[in-house]
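Single-structure report; data block below.
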């Protein structure tokens with residue numbers, strides 16, 4: 001059974017990441033991604049590790065087993081077997097937070113307002129769902145509504161993270177950008193990226 005967090009933005013981003021990893025085959029794991037140095041398997045490991053990092057700062061347990069920023073690219077089981085427990089840990093952690101209070105995060109900013117903290121975990125899951133989906137030719141799950149909800153969170157947290165390499169420099173917006181393209185460009189991703197180049 002899928003664990004939900006009571007935070008719609010987080011649950012929707014988790015659903016996108018869950019869907020992107022559910023149908024992957026062994027052949028998909030070595031494909032290139034919009035994260036230039038990482039394969040699909042490495043993005044999966046990173047995304048799962050990040051979600052566990054969001055959980056552990058709240059609960060004190062269920063943290064990542066490995067460094068999310070140094071993924072090996074070798075999965076012990078299926079992508080879903082790695083991702084699902086990480087999503088469940090984060091969702092369960094966010095059911096315990098006070099919506100009116102500050103919430104600890106693994107980000108350099110530390111504690112953030114609860115909605116921003118939940119949005120930060122959602123942003124991470126949602127953008128990596130997009131990375132995996134476009135790398136493997138799937139629908140992304142990152143639609144305009146979710147992207148529009150994630151964009152204010154991104155603008156609130158991303159700038160200080162660029163210096164750590166967590167996000168590439170923002171790309172210039174285009175006149176016809178919708179919310180998905182606007183979010184992706186802000187995060188340093190080309191919305192037209194494809195594995196074919």
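Computed from the coordinates by the stated procedures, all read-outs in this text should not be read as laboratory data. Computed from a predicted structure; not experimentally measured. Here the Cβ is made from the backbone with ideal geometry for all residues, glycine too, and neighbour counts use every protein chain on show.
Pick from 62, 66: which is under 16 Å from residue 82 (Cα atoms), over 11 Å from the mean Cα position of the chain (by Cα) and without any contact (Cβ under 8 Å) to a residue 24 or more places away in the chain? First the steps, then the outcome.
Working: 62 fails: without any contact (Cβ under 8 Å) to a residue 24 or more places away in the chain.
Sole residue among the options that is under 16 Å from residue 82 (Cα atoms), over 11 Å from the mean Cα position of the chain (by Cα) and without any contact (Cβ under 8 Å) to a residue 24 or more places away in the chain: 66.
Out of the stretch 71-95, which residues are out of contact with any strand residue (DSSP E or B) (no Cβ under 7 Å at 6 or more places or on another chain), within 24 Å of residue 32 (Cβ to Cβ) and not in a helix (DSSP H, G or I)?
Once the filter is applied, which keeps residues that are out of contact with any strand residue (DSSP E or B) (no Cβ under 7 Å at 6 or more places or on another chain), within 24 Å of residue 32 (Cβ to Cβ) and not in a helix (DSSP H, G or I), the stretch 71-95 yields 71, 72, 74, 75, 76, 77, 78.
Assuming residue 161 fulfils every condition listed in (1) part of a helix (DSSP H, G or I); (2) within 21 Å of residue 11 (Cα to Cα) apart from one, which condition is it?
It is condition (2) that residue 161 fails.
Given the residues 104, 179, which is the only one that is under 14 Å from residue 53 (Cβ atoms), surrounded by fewer than 18 Cβ atoms within 10 Å (Cβ to Cβ) and touching a residue at least 24 places away in the same chain (Cβ under 8 Å)?
Values: 179 fails: under 14 Å from residue 53 (Cβ atoms).
After ruling out the rest, the residue left standing is 104.
Which condition breaks for residue 8 when tested against (1) farther than 20 Å from residue 143 by Cα; (2) without any contact (Cβ under 8 Å) to a residue 40 or more places away in the chain?
(1)
Residue-wise test of (1) within 20 Å of residue 126 (Cβ to Cβ); (2) touching a strand residue (DSSP E or B) at 6+ places or on another chain (Cβ under 8 Å); (3) part of a helix (DSSP H, G or I).
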{"position": "44", "(1), (2), (3)": "yes, no, yes"}
{"position": "51", "(1), (2), (3)": "yes, no, yes"}
{"position": "65", "(1), (2), (3)": "no, no, no"}
{"position": "69", "(1), (2), (3)": "yes, no, no"}
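Has the stretch 78-98 got at least one residue that is surrounded by fewer than 14 Cβ atoms within 10 Å (Cβ to Cβ), in contact with a helix residue (DSSP H, G or I) (Cβ under 9 Å, 6 or more places away or on another chain) and over 13 Å from residue 129 (Cα atoms)? Spell out the reasoning first.
The first filter runs over the stretch 78-98 and keeps only residues surrounded by fewer than 14 Cβ atoms within 10 Å (Cβ to Cβ), leaving 81, 95-96, 98.
Now restrict to residues that are in contact with a helix residue (DSSP H, G or I) (Cβ under 9 Å, 6 or more places away or on another chain): 96, 98.
Among the residues that remain, those that are also over 13 Å from residue 129 (Cα atoms) are: 96, 98.
Yes, some residue in the stretch 78-98 is surrounded by fewer than 14 Cβ atoms within 10 Å (Cβ to Cβ), in contact with a helix residue (DSSP H, G or I) (Cβ under 9 Å, 6 or more places away or on another chain) and over 13 Å from residue 129 (Cα atoms).
Criterion first (over 26 Å from residue 23 (Cβ atoms), out of contact with any strand residue (DSSP E or B) (no Cβ under 9 Å at 6 or more places or on another chain), free of Cβ contacts under 8 Å to residues at least 40 places away in the same chain and in a loop (DSSP other than H, G, I, E, B)) does residue 98 satisfy it?
Working: over 26 Å from residue 23 (Cβ atoms): yes; out of contact with any strand residue (DSSP E or B) (no Cβ under 9 Å at 6 or more places or on another chain): yes; free of Cβ contacts under 8 Å to residues at least 40 places away in the same chain: yes; in a loop (DSSP other than H, G, I, E, B): yes.
So residue 98 passes the test.
Which residues, taken from the stretch 15-39, are part of a helix (DSSP H, G or I) and either free of Cβ contacts under 8 Å to residues at least 24 places away in the same chain or more than 18 Å from residue 187 (Cβ to Cβ) (or both)?
Taking the stretch 15-39 and keeping what is part of a helix (DSSP H, G or I), we get 15-22, 26-30.
Residues satisfying the conditions are 15, 18, 19, 21, 22, 26, 27, 28, 29, 30.
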